[in-house]
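Student: Take a look at this one; I'll ask things after.
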Protein chains: 2
Amino acid sequence: MMPPPDPNLLSLNTATVREKWNLRQMIEGCARQGIRGISPWRDKLAELGAKEAARMIRDHGLTVTGLCRGGMFPAADRKGRRAAIEDNLHAIDDAATLEAKCLVLVVGGLPPGSKDLPGARAMVRDGIGEVLDHARGAGVPLAIEPLHPMYCADRACINTLAQALDVCDEVAGRDGGGLGVAVDVYHVWWDPDLKAGIERAGHKRLLAYHICDWLVPTADLLLDRGMMGDGVIDLPLIRSWMEAVGYRGFHEVEIMSATNWWRRDPDEVLARMRERHQACT
Amino acid sequence: MMPPPDPNLLSLNTATVREKWNLRQMIEGCARQGIRGISPWRDKLAELGAKEAARMIRDHGLTVTGLCRGGMFPAADRKGRRAAIEDNLHAIDDAATLEAKCLVLVVGGLPPGSKDLPGARAMVRDGIGEVLDHARGAGVPLAIEPLHPMYCADRACINTLAQALDVCDEVAGRDGGGLGVAVDVYHVWWDPDLKAGIERAGHKRLLAYHICDWLVPTADLLLDRGMMGDGVIDLPLIRSWMEAVGYRGFHEVEIMSATNWWRRDPDEVLARMRERHQACT
């Protein structure tokens with residue numbers, strides 16, 4: 001048996017309570033419930049603006065465990081790809097203002113009408129390459145988040161940890177800084193090479209750890225994630241692999257759940273997160 | 001541009017028209033529409049019985065490109081695992097009666113209540129090992145079908161071609177006969193190592209090729225597959241990889257589509273299959 005995790009490592013990804021709370025309420029809610037980390041999505045950040053959000057988060061003693069999200073690099077034409085680059089540069093600046101531990105990259109899928117998966121993957125690699133220097137200068141590590149293969153077409157064509165690490169090696173160099181990965185159990189729990197990928201990444205490239213659970217059955221491809229303990233993911237086992245290579249960062253809870261958790265009182269959701277973090281991860 | 005495929009290689013997986021036709025109608029429909037292959041699911045086979053189905057399929061000049069399905073090896077206890085073995089032995093006998101090109105194995109997911117994915121995968125390996133001799137004796141190759149990772153929990157914990165080939169190597173030996181893989185584009189199209197996996201398999205282990213398409217958006221995890229050409233899979237590219245290593249077998253159309261194709265007149269579905277096979281694969 002793994003001992004329970006340090007409760008101070010719990011972090012709230014704002015997607016978990018996005019339907020009922022604005023960012024101000026989330027910051028206050030985390031502070032009230034003793035949750036020390038927060039990871040805002042940019043739609044919520046826009047409500048306050050990065051500077052005001054940064055001030056408020058700091059005043060409440062919270063750590064920004066990541067900003068969600070940059071990425072979405074593939075586009076049908078040069079103009080679209082350029083717009084994506086600009087958007088990522090802006091996201092990097094916001095992440096710097098927030099002193100975020102990383103900017104999470106959901107890299108994007110196939111451009112509309114395209115079936116060229118190798119081409120989309122090349123656009124991702126090139127896009128990351130174009131923004132990496134700016135990210136390094138701003139002190140914001142970029143975290144490639146491999147997404148579950150069911151999102152390959154429309155959200156992210158990087159779908160395994162090995163593939164994300166190959167991009168890291170290619171774009172940043174094998175020992176290059178400023179580029180790593182976000183491990184979200186929902187996306188990678190099934191991967192027979194997950195342990196090997198975590199070991200290959202090592203603690204320097206493990207920039208974020210996201211937790212939730214995979215429900216059986218899963219009713220919706222996007223919005224039916226489970227609370228830790230309600231599904232089939234062996235969360236203590238995956239945490240043991242992360243810790244074995246030296247990961248000491250936060251455990252960020254990201255649950256998109258249209259018919260369950262999003263409907264509940266967010267204070268109840270945060271309380272349940274705390275309990276389950278201790279009991280089931 | 002790839003030249004269009006040989007129309008004589010088209011095969012109907014009975015799942016594609018299962019809602020409106022029984023097996024007798026499917027056999028007659030294939031013969032009427034000039035489709036030369038058929039791959040029955042066992043629920044449909046049970047309607048006629050294997051012997052009568054074999055006779056009728058032979059009389060109509062069709063090839064049985066596979067029997068769907070064996071597998072489902074993991075179970076919570078020894079009794080359940082034994083029952084799975086017995087069921088697979090029976091399926092092998094039916095496949096032999098049908099002179100099927102292979103028995104497709106959907107290997108099974110986690111036993112109820114279990115989070116032990118390595119354990120489930122070991123049960124799969126052991127289960128295949130227990131039935132392989134019987135399959136060899138019956139002249140029925142076993143085709144491990146890696147299923148999309150979104151089915152890892154409840155349908156198949158073998159989720160990539162590489163992983164399926166590892167099981168082949170381990171159970172049958174690197175050059176061992178009687179065990180190979182079924183490549184279904186729906187399950188593997190996203191895999192950055194797909195081409196390498198097809199090359200590693202080689203034509204001796206490529207026992208079946210299943211086609212359909214991945215729709216964007218996909219509305220349901222199980223029953224929203226698309227007709228070839230309606231989605232984002234680069235079907236000619238994947239076929240080119242199959243042919244490059246010497247695959248000359250059938251192209252089996254398996255479309256589970258609750259809200260579209262299952263509602264249509266099956267004769268229309270078969271006609272559309274023929275058109276799209278030529279135009280889009």
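Student: Only one of (1) of a type outside the set (A, V, I, L, M); (2) part of a helix (DSSP H, G or I); (3) open to solvent by 10 Å² or more (accessible area, probe 1.4 Å) fails for A:Gly127. Which number is that?
Tutor: The number of the failed condition is (3).
Student: Suppose we keep only residues that are of a type in the set (Asp, Glu) and at pLDDT below 95 within the range B:1-60. Which one would you say is farthest from B:Ala95 (Cα to Cα)?
Tutor: Kept after step one, since they are of a type in the set (Asp, Glu), are these residues of the range B:1-60: B:6, B:19, B:28, B:43, B:47, B:52, B:59.
Next, only the ones that are at pLDDT below 95 stay: B:43, B:47.
Working: B:Asp43: 13, B:Glu47: 15 Å.
It comes out as B:Glu47.
Student: Given A:Ile57, A:Ile38, A:Ile27, which one is more than 30 Å from A:Arg125 (Cβ to Cβ), in contact (Cβ under 8 Å) with a residue 40 or more places away in the chain and in contact with a strand residue (DSSP E or B) (Cβ under 8 Å, 6 or more places away or on another chain)?
Tutor: Matching residue, one of A:Ile57, A:Ile38, A:Ile27: A:Ile57.
Student: May I ask you to list the residues in the range A:96-126 that are under 19 Å from A:Gly66 (Cβ atoms) and more than 14 Å from chain B (Cβ to nearest Cβ)?
Tutor: Answer for the range A:96-126, where residues must be under 19 Å from A:Gly66 (Cβ atoms) and more than 14 Å from chain B (Cβ to nearest Cβ): A:Ala96, A:Thr97, A:Leu98, A:Glu99, A:Ala100, A:Lys101, A:Cys102, A:Leu103, A:Val104, A:Leu105, A:Val106.
Student: On to the next question. Pull up the range A:171-206, narrow it to residues that are open to solvent by 40 Å² or more (accessible area, probe 1.4 Å) and without any contact (Cβ under 8 Å) to a residue 24 or more places away in the chain, then point me to the one that is nearest to A:Val107 (Cα to Cα).
Tutor: Among those residues, the one meeting the criterion is A:Arg174.
Student: Select from the range B:96-114 the residues that are in a loop (DSSP other than H, G, I, E, B), open to solvent by 40 Å² or more (accessible area, probe 1.4 Å) and within 22 Å of B:Pro40 (Cβ to Cβ) and list them in ascending order.
Tutor: B:Glu99, B:Lys101
Student: Which of the residues that make up the range A:23-36 are open to solvent by less than 60 Å² (accessible area, probe 1.4 Å) and either closer than 25 Å to A:Asp87 by Cα or in a helix (DSSP H, G or I) (or both)?
Tutor: Selection gives A:Leu23, A:Met26, A:Ile27, A:Gly29, A:Cys30, A:Ala31, A:Gln33.
Student: May I ask you to say which residue of A:Gly197, A:Gly177 is modelled with pLDDT under 95 and either part of a helix (DSSP H, G or I) or within 19 Å of A:Leu103 (Cβ to Cβ) (or both)?
Tutor: Among A:Gly197, A:Gly177, only A:Gly177 is modelled with pLDDT under 95 and either part of a helix (DSSP H, G or I) or within 19 Å of A:Leu103 (Cβ to Cβ) (or both).
Student: Would the range B:207-220 turn up any residue that is farther than 22 Å from B:Val106 by Cα and in a helix (DSSP H, G or I)?
Tutor: no
Student: A further question follows. Let me confirm something: among A:Asp93, A:Asp166, A:Asp154, A:Asp133, which residue is assigned to a helix (DSSP H, G or I), within 12 Å of chain B (Cβ to nearest Cβ), out of contact with any strand residue (DSSP E or B) (no Cβ under 8 Å at 6 or more places or on another chain) and open to solvent by 40 Å² or more (accessible area, probe 1.4 Å)?
Tutor: None of the other options fit; the residue is A:Asp166.
Student: Can you work out which of the residues in the range A:211-262 that are charged (D, E, K, R) and away from chain B (no Cβ under 14 Å) is most open to solvent (accessible area, probe 1.4 Å)?
Tutor: My answer is A:Arg248.
Student: I need every pair where a residue in the range B:253-267 that is modelled with pLDDT of 95 or more has its Cβ under 7 Å from the Cβ of a residue that is of a type outside the set (Ser, Thr, Tyr) and open to solvent by 70 Å² or more (accessible area, probe 1.4 Å), sequence separation at least 6 or different chains.
Tutor: Hits for this filter: B:Trp262/B:Glu19; B:Pro266/B:Lys20.
Student: In contact with an Asp or Glu (Cβ under 8 Å, 6 or more places away or on another chain) and open to solvent by 10 Å² or more (accessible area, probe 1.4 Å): which single residue out of A:Leu62, A:Leu117 fits that description?
Tutor: Exactly one of A:Leu62, A:Leu117 is in contact with an Asp or Glu (Cβ under 8 Å, 6 or more places away or on another chain) and open to solvent by 10 Å² or more (accessible area, probe 1.4 Å), namely A:Leu117.
Student: Of the residues in the range A:136-151, how many are facing chain B (nearest Cβ under 8 Å) and assigned to a strand (DSSP E or B)? Can you show your working first?
Tutor: Restricting attention to the range A:136-151, the residues satisfying the condition of being facing chain B (nearest Cβ under 8 Å) are A:148-150.
Checking which are assigned to a strand (DSSP E or B) leaves us with none.
Qualifying residue count for the region: 0.
The values are calculated or read from the model by the stated rules, or taken from the named source; none is laboratory data. This one's a predicted model, so the numbers in the text were calculated from it and none came from an experiment. Glycine also receives a Cβ, built like all others from the backbone with ideal geometry; neighbour counts cover every protein chain displayed. Calculation scope for accessible area: heavy atoms of the full protein, side chains included, ligands and nucleic acids excluded. Shrake-Rupley method; radii C 1.70, N 1.55, O 1.52, S 1.80 Å.
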